[in-house]
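**Q** Questions regarding the structure given below will be posed in turn.
The values are calculated or read from the model by the stated rules, or taken from the named source; none is laboratory data. Please read these numbers as outputs of a predicted model, since none were measured by experiment. Please note: Cβ atoms are built from the backbone with ideal geometry, for glycine as well, and neighbour counts cover all protein chains shown. These area figures cover heavy atoms from the full protein model, side chains too; ligands, DNA and RNA do not enter into them. Shrake-Rupley method; radii C 1.70, N 1.55, O 1.52, S 1.80 Å.
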Amino acid sequence: MPITNRHEQTILAPIRRVGMGDYLLWGSLLVLMLAGLGAWIWQYIEGLGITGMNRPVYWGVYITNFVFFIGLAHSGTFISAILRVAGQSWRAPLTRAAEAITLFSLPFGAGSILIDMGHPERILNLIFYGRFQSPIMWDVTAVGLYMLSSIVFFYLSLLPDIALCRDRLTDVPNWQKRMYKVLALGWKDSPEQYHRLEKVLDGMAVFMTMLVVTVHTVVSWLFGMTVQPGWHTALIGPFFLLGAILSGTAAVVIALALLRKVYHLEEVLHNGLFNSLRKLLITFILGWLYMMIAEHLTIGYASMHEEMVVLNDKFSGTYSLVFWNMTVLVFFVPLLIFIFKGKNNVGWMVFASVLINIGMWMERYIVIIPTETSPRLFHEMGGGSYLPALPEVLITIACFAGLVFLYALFTRFFPIIPIWETAESLPGHAHNAEPAPVSSTATGD
Amino acid sequence: MPRWGMVIDLDKCFACQSCTAACRMENNTPVAGQDQAEMGRAILWNEVLPFVEGEYPNIVETMIPRPCMHCDNPACIKVCPVQATFKNEEGVVLVDYDRCIGCRLCTVACPYTVRYFNWYQPEWPEALKEHLNPEPEVKPRPKGVVEKCTFCTQRLRKAREEAEAAGRVFNATDYIPACVQTCTGHARYFGDLDDPNSLVSKLAHSPRAFRLFEELGTQPKVYYLKQG
Ligand code: SF4
Ligand code: SF4
């Protein structure tokens with residue numbers, strides 16, 4: 001029995017309908033990306049001096065972007081791996097949309113480190129002379145492994161759908177048909193194949209869950225392993241991880257809402273999904289608040305001199321505007337929105353999710369910069385200051401444009417809702433179709 | 001093998017900055033220019049920093065000359081991913097400019113903020129260019145790498161070579177860094193901390209001796225003698 005999914009036509013429709021709007025979007029995103037590339041080449045030729053970085057603020061928005069993009073990437077793994085392990089079957093329609101965020105934000109996270117380096121062409125030194133005593137090596141290893149396994153995980157779960165495109169999309173250009181044929185790796189839709197695929201995905205999901213925890217903890221250790229005030233706390237790992245999952249899940253809400261609107265996927269991406277995400281988000285925001293209070297109360301109560309310099313800078317000094325905006329506007333407001341307005345209202349939820357992501361970027365910034373402006377020897381002398389310069393702004397915009405570009409492109413060539421995972425029947429499987437159709441083993445039972 | 005260390009007597013230092021100037025000439029640190037210096041990008045392996053305690057008008061100001069502390073347990077070395085910064089067998093912390101990838105993790109990790117990054121290709125006005133120190137250890141660094149005080153490692157090599165040429169045994173007192181040689185107030189002492197009879201080792205054990213941020217466990221090899 002072949003795959004039957006009553007939404008198949010709805011899901012495949014975006015692939016058949018590439019229009020003028022798409023070319024315009026891709027074109028303008030490409031322009032932004034090229035501007036960023038230009039800025040990077042300029043920076044490579046001139047030196048990092050063209051950025052706003054200085055001494056003691058040796059790290060600026062590039063490192064902020066690194067942390068942010070890796071955090072965003074946690075969305076996919078959270079939705080598809082952790083929820084798969086937990087047997088949450090409602091996640092099936094969103095898995096691919098979420099995983100695509102993972103896949104397409106990781107390169108910009110990893111790339112940000114490269115952009116930040118004074119000698120990017122010496123990157124291979126990490127292999128020739130790499131030593132595992134350094135948190136940078138932990139990062140390179142963890143992020144590398146994460147990228148690799150995300151690609152494999154994503155590709156494997158895409159395989160049956162590529163084969164479906166190959167078999168059923170007969171009206172697309174020839175090169176596209178050939179692409180599906182090559183990428184499908186001769187997938188035959190046999191029950192045996194599905195059985196094995198699901199087994200592999202289940203196994204990988206456990207591995208990916210562990211990886212997700214490791215990766216963002218290790219990212220935070222870039223800061224936590226130093227003795228600098230504000231960074232040197234054991235909480236920084238869990239705090240970063242929770243922030244990552246929060247911003248990632250919020251990003252999924254934004255992506256889903258856009259997909260649903262632009263590609264008319266209302267039937268598949270029904271309100272129920274958003275309501276489930278809403279509950280998760282409320283939990284994460286509360287968890288985030290808990291960590292926030294635990295962290296700052298511990299520091300403030302003990303009032304060690306150099307820690308207080310950084311803390312005061314955030315609470316009432318140079319960075320107070322960013323700090324309080326971040327907490328109030330971007331966490332309290334979304335929390336209120338989710339609780340009182342969010343239910344069954346996708347518009348409000350998207351608004352709150354956008355706020356969360358702006359807030360999470362600010363949060364990364366506020367963790368990194370104030371500590372740098374007040375290192376021990378400097379705060380005696382008034383401290384340092386930092387403002388991003390034009391190249392940094394251009395490159396940051398380019399990274400975000402790149403993420404959207406890859407995402408938009410992907411959704412026009414591959415089904416963004418997993419057809420096989422939401423199918424009523426699969427070869428060799430009996431299926432229950434309602435309410436959220438999923439394959440029986442994908443529920444993890 | 002000597003374990004090189006420095007002692008700075010804050011009673012004798014009158015913040016004339018000769019050490020800073022001597023260091024620049026000895027080690028070819030580039031001229032940053034006013035705008036870059038204001039951004040905090042000047043490269044000064046040695047600085048004389050003012051520490052102010054108390055509220056105006058009851059303040060006590062201490063001027064603290066600050067080279068690299070050449071920590072025995074250096075925060076910078078731990079974090080370097082490619083071992084571009086390392087401690088040699090004589091306890092001096094050095095940077096391999098050909099290997100450094102410019103990640104700047106060491107610069108944020110050093111609690112003394114003594115590591116400097118080359119934001120641009122280093123530059124000198126023509127007049128200064130002719131007077132650059134020709135020693136290979138201090139040849140101009142490329143942009144994009146980190147640099148810092150080396151206790152004038154080139155001087156150590158030269159002192160050893162001279163001793164060998166003269167056919168005598170190298171003695172720890174044969175070598176001092178440029179800042180120590182120049183110091184107008186004779187506030188700086190340099191030598192082998194492991195030799196109990198050396199002046200530095202005696203001074204380092206004086207009741208006036210302290211080290212910066214001793215509580216961090218970095219074990220600096222630069223000691224200060226308390227003022228007053
Ligand atoms: S003072 Fe800083 S740069 Fe010098 S050895 Fe210590 S940690 Fe390294
Ligand atoms: S900037 Fe250079 S010396 Fe410092 S940690 Fe990175 S590679 Fe090592």
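**Q** Please give the FRET efficiency for B:Glu89 paired with B:Ala37, using the beta carbon to beta carbon distance and R0 = 41 Å, rounded to the nearest 0.05.
**A** 0.70
**Q** If the reach is capped at under 26 angstrom between alpha carbons, list the lysines near B:Lys158, excluding any in the same chain fewer than eight residues apart.
**A** B:Lys87, B:Lys129, B:Lys139, B:Lys148, B:Lys221
**Q** Then there is this: In terms of Cα to Cα distance under 22 Å, which lysines are near enough to A:Lys177, apart from those fewer than 8 places away along the same chain?
**A** Those lysines meeting the cut-off are A:Lys188.
**Q** Please give the contour-minus-distance gain from A:Leu390 to A:Met304: 0.36 nm per residue of separation, less the Cα-Cα distance, rounded to one decimal in nm.
**A** Computed gain between A:Leu390 and A:Met304 is 27.3 nm.
**Q** Quick one: which bits of segment A:54-101 get at least 20 Å² less accessible when the partner protein chains are in, versus the chain alone, with a 1.4 Å probe?
**A** Residues passing the criterion (a loss of at least 20 Å², heavy atoms only) are A:Asn54, A:Arg55, A:Tyr58, A:Trp59.
**Q** Next up: Suppose R0 equals 30 Å; then what is the FRET efficiency for A:Ile293 and A:Val262 from their Cβ-Cβ distance, rounded to the nearest 0.05? List each step's numbers first, then the result.
**A** Values: r = 39 Å, r/R0 = 1.31.
Efficiency, from the Cβ-Cβ distance: 0.15.
**Q** When ligands, DNA and RNA are left out and all protein chains stay put, how many square angstrom of accessible area per residue does the protein assembly as shown have with a 1.4 Å probe?
**A** Here the residues of the protein assembly as shown average 41 Å² of exposed surface.
**Q** Between A:Phe378, A:Phe153, A:Phe69, where does the largest GNM mean-square fluctuation fall for chain A, given springs only between Cα atoms within less than 10 Å?
**A** A:Phe378
**Q** Another question, if that's okay. Give me the summed buried accessible area for the A-B pair, 1.4 Å probe, to the nearest 100 Å².
**A** When A and B are taken together, about 3700 Å² of accessible area is lost.
**Q** Related question: With a sphere of radius 14 Å drawn around the Cβ of A:Val140, what net charge do the other residues whose Cβ falls strictly inside it have (Lys, Arg +1; Asp, Glu -1)?
**A** On the way: positive: A:Arg122, A:Arg131; negative: A:Asp116, A:Asp139.
Its environment carries a net charge of 0.
**Q** To make sure I understand the rule: partners must be aspartates and glutamates, Cα under 19 Å from the Cα of A:Lys199, and not fewer than 8 residues away in the same chain. Which ones qualify?
**A** Leaving aside aspartates and glutamates fewer than 8 places away in the same chain, those within reach of A:Lys199 are A:Glu99, A:Asp161, A:Asp189, A:Glu421, A:Asp445.
**Q** In addition: Run through segment A:297-367 and list the trypsin sites (Lys or Arg not before Pro) located in a DSSP loop whose Cβ has at most 14 other Cβ atoms within 10 Å.
**A** A:Lys343
**Q** Round to a whole angstrom and tell me the spacing of the C-alpha centers of segment A:234-288 and segment B:199-227.
**A** 54
**Q** To the nearest 20 Debye, how big is the dipole of the protein assembly as shown about its Cα centre, given +1 on the beta carbon of each Lys and Arg and -1 on that of each Asp and Glu?
**A** Numbers: 53 positive and 57 negative charges, 256 e Å.
It works out to roughly 1220 debye.
**Q** What dipole magnitude, in Debye to the nearest 20, does segment A:263-372 give about its Cα centre under +1 on Lys/Arg Cβ and -1 on Asp/Glu Cβ? Please list the in-between numbers first.
**A** Numbers: 6 positive and 8 negative charges, 94 e Å.
For segment A:263-372, the charge dipole is close to 460 debye.
**Q** Given +1 on the Cβ of Lys and Arg, -1 on the Cβ of Asp and Glu, and no further charges, what dipole in debye does segment B:59-101 carry about its Cα centre, rounded to the nearest 20?
**A** On the way: 4 positive and 6 negative charges, 32 e Å.
Here segment B:59-101 has a charge dipole of around 160 debye.
**Q** Another question, if that's okay. What percentages, rounded to whole numbers, describe P(r) for segment B:4-225 computed over all alpha carbon pairs with 5 Å bin width beginning at zero?
**A** Reading the bins upward from 0: 1, 7, 13, 18, 20, 18, 13, 7, 3, 1, 0, 0.
**Q** Please work out the C-alpha center-to-center distance from segment A:322-366 to segment B:32-74 and express it in whole Å.
**A** 41
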